[in-house]
Structure formats: C-alpha cells, structure tokens
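Q: This is the structure I want to talk about, given as structure tokens.
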C-alpha cells in the first residue's frame with residue numbers, strides 16, 4: 001500500500017480541524033499529484049510530529065482538508081550532525097544537500113574556501129540559500145522527517161574557523177575534518193557521548209588550502225579519512241554521513 005503524500009505547511013493551525021492548504025501546496029496536490037476529494041495526505045509543520053488529513057473541498061484552486069489527531073511520531077537520527085560543506089560547483093551542492101537531509105543531518109553550513117570553484121555575490125547567495133531551503137523541505141517530505149534541518153548563511157571558511165576560536169571558545173562536540181591523507185579512520189574513532197554534536201567539515205573540488213587545514217586544527221578539528229580511494233567531494237560527504245549513521249546513529 002502506497003503511503004499518503006506528505007506536505008510541509010507552517011503553521012498547521014486549524015481549531016475547527018478544517019485547514020486550507022497554502023496555494024503552492026494546493027497546486028502541487030491537485031495539478032501535479034492529481035489528488036481529489038476523499039484522498040488522504042499527511043501534513044507536518046516542522047515543529048515535530050505530523051497530522052493525517054483528508055481532502056474535503058476542491059474549489060477553484062482552493063483545497064481544504066480535515067485534520068486528524070496530531071501524531072507525535074519522529075524519524076530523526078539520534079545523532080546531531082552539522083555538515084559544514086565547502087561550496088561545490090554546479091548542481092552538486094543541491095544533490096549533496098538533498099541526500100544529506102535524507103541521511104539525517106541537523107544543520108547544513110555552506111562555506112566558501114580558498115579553492116572553491118563556485119563564487120556567489122550577496123544577492124546570488126541569498127537566492128541559493130532560499131533554493132536550498134526548498135530542497136531541504138522537499139527531502140523531508142519524501143523521506144518522512146518531521147523537522148526541517150537548518151540552512152545557515154554562506155560564510156567564508158576561514159572566518160567561520162576564526163570565530164570558533166575567538167576568546168578561547170571552541171565549537172562543542174566532535175569535530176571531524178575529512179582529509180584523504182589523514183591517518184585515523186572512522187572505525188578508529190571513539191564513540192561520542194549521547195547528545196554530543198558532530199560537525200563534519202568537507203572540502204570542495206580542489207580540497208583545502210594548507211592555511212585552512214591549519215586553522216581547522218587550531219579550532220579543534222580531528223582529521224579523518226574514508227579509505228585508500230580518493231572520492232569526489234559530493235561522494236565523500238554522503239559516504240561520511242552514512243558511516244556515522246552506521247556506526248552510532250540509525251543502524
């Protein structure tokens with residue numbers, strides 16, 4: 001049996017249990033998925049849990065649903081993983097973000113590095129961030145997550161690392177720097193205590209500049225490698241996330 005389609009609507013507020021879908025969601029439900037009166041769907045607003053619903057009205061693009069009782073189900077990973085990803089070229093960032101959300105990341109931090117191929121001015125950066133937010137929402141709709149990962153603003157990698165070490169304050173938790181020539185492997189890492197945040201720092205196509213590696217070490221990052229083969233940046237990000245989930249998370 002096919003699961004009902006899922007839609008993100010914020011907020012889901014219907015005291016009388018009848019809820020009008022936002023125009024964009026209504027259009028997708030009717031004109032893309034071809035849903036009709038009486039068909040089931042699921043709504044979530046990002047604050048946790050979800051609502052079963054059923055379409056009761058279709059009228060000139062307006063779609064109303066009757067909400068069922070809130071279901072507190074969660075499908076979040078037990079790990080709190082922040083993916084700090086140096087900008088990738090083309091649509092690679094979109095793909096990496098989509099799959100990272102499916103793999104359970106809590107937050108996504110895009111960074112510009114010295115060797116980044118992709119460069120964005122302020123206006124384009126804001127547009128790209130808005131696009132990434134939509135991608136994260138769509139990925140949550142698809143994979144069943146009821147909480148939307150945070151998409152942080154694009155900032156320079158070195159600025160981010162410098163802020164971490166300012167006034168002696170360090171980013172808490174386990175900090176991992178993915179390097180192909182590192183000696184430690186994921187299998188040799190000590191299991192972190194429950195609720196320990198994990199920050200995974202990944203380079204772009206050109207890797208990290210030596211000064212960036214030095215700054216990451218100073219900020220408390222531990223270098224780690226994936227194996228003997230050199231992976232593309234988008235492959236490395238997702239492989240590392242899958243390994244973390246397999247070691248300590250969903251597995």
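The values are calculated or read from the model by the stated rules, or taken from the named source; none is laboratory data. For clarity, every value in this text was computed on a predicted model and none was experimentally measured. Note: ideal-geometry Cβ built from the backbone for every residue, glycine included; neighbour counts use all protein chains shown.
Q: Being touching a helix residue (DSSP H, G or I) at 6+ places or on another chain (Cβ under 9 Å) and modelled with pLDDT under 90 is the filter here, so list the residues in region 193-205 that pass it.
A: 204, 205
Q: Filtering region 233-251 down to residues that are farther than 17 Å from residue 108 by Cβ and touching a helix residue (DSSP H, G or I) at 6+ places or on another chain (Cβ under 8 Å), which residue is modelled with the lowest pLDDT?
A: If we take residues in region 233-251 being farther than 17 Å from residue 108 by Cβ and touching a helix residue (DSSP H, G or I) at 6+ places or on another chain (Cβ under 8 Å), then 251 is modelled with the lowest pLDDT.
Q: Right, another one. Out of contact with any helix residue (DSSP H, G or I) (no Cβ under 8 Å at 6 or more places or on another chain) and farther than 24 Å from residue 227 by Cβ, is that true of residue 110?
A: no
Q: A further question follows. Among the residues that make up region 69-87, is at least one of them in contact with a strand residue (DSSP E or B) (Cβ under 7 Å, 6 or more places away or on another chain), free of Cβ contacts under 8 Å to residues at least 24 places away in the same chain and either closer than 30 Å to residue 231 by Cβ or not in a strand (DSSP E or B) (or both)?
A: Looking through region 69-87, at least one residue is in contact with a strand residue (DSSP E or B) (Cβ under 7 Å, 6 or more places away or on another chain), free of Cβ contacts under 8 Å to residues at least 24 places away in the same chain and either closer than 30 Å to residue 231 by Cβ or not in a strand (DSSP E or B) (or both).
Q: Please state which of the following conditions residue 92 fails to meet, knowing it meets all the rest: (1) under 24 Å from residue 19 (Cα atoms); (2) in contact with a helix residue (DSSP H, G or I) (Cβ under 9 Å, 6 or more places away or on another chain); (3) buried (at least 17 other Cβ atoms within 10 Å of the Cβ); (4) touching a residue at least 40 places away in the same chain (Cβ under 8 Å).
A: So residue 92 meets the others, but not (1).
Q: Can you give me the number of residues within region 68-82 that are surrounded by 21 or more Cβ atoms within 10 Å (Cβ to Cβ) and either more than 16 Å from residue 152 (Cα to Cα) or within 8 Å of the chain's Cα centre (by Cα) (or both)?
A: 1
Q: Taking the conditions exactly as written (closer than 30 Å to residue 228 by Cα and either outside any strand (DSSP E or B) or at pLDDT 90 or above (or both)), does residue 138 satisfy them or not?
A: Criteria not met by residue 138.
Q: Any residue in region 148-158 that is at negative phi, out of contact with any strand residue (DSSP E or B) (no Cβ under 9 Å at 6 or more places or on another chain), in the same structural domain as residue 84 (by TED's automatic domain parsing) and surrounded by fewer than 16 Cβ atoms within 10 Å (Cβ to Cβ)?
A: no
Q: I've got another one for you. Which residues, taken from region 58-67, are assigned to a strand (DSSP E or B), loosely packed, with under 15 Cβ neighbours inside 10 Å and touching a residue at least 24 places away in the same chain (Cβ under 8 Å)?
A: Residue satisfying the conditions is 62 alone.
Q: Next question, about the same structure. For region 173-251, list the strands (runs of 3 or more DSSP E) that sit wholly inside it and hold at least 3 residues that are crowded, with 20+ Cβ neighbours inside 10 Å and assigned by TED's automatic domain parsing to the domain that holds residue 106; which are they?
A: Because the criterion is at least 3 residues that are crowded, with 20+ Cβ neighbours inside 10 Å and assigned by TED's automatic domain parsing to the domain that holds residue 106, the strands (runs of 3 or more DSSP E) in region 173-251 that meet it are 174-178, 197-202.
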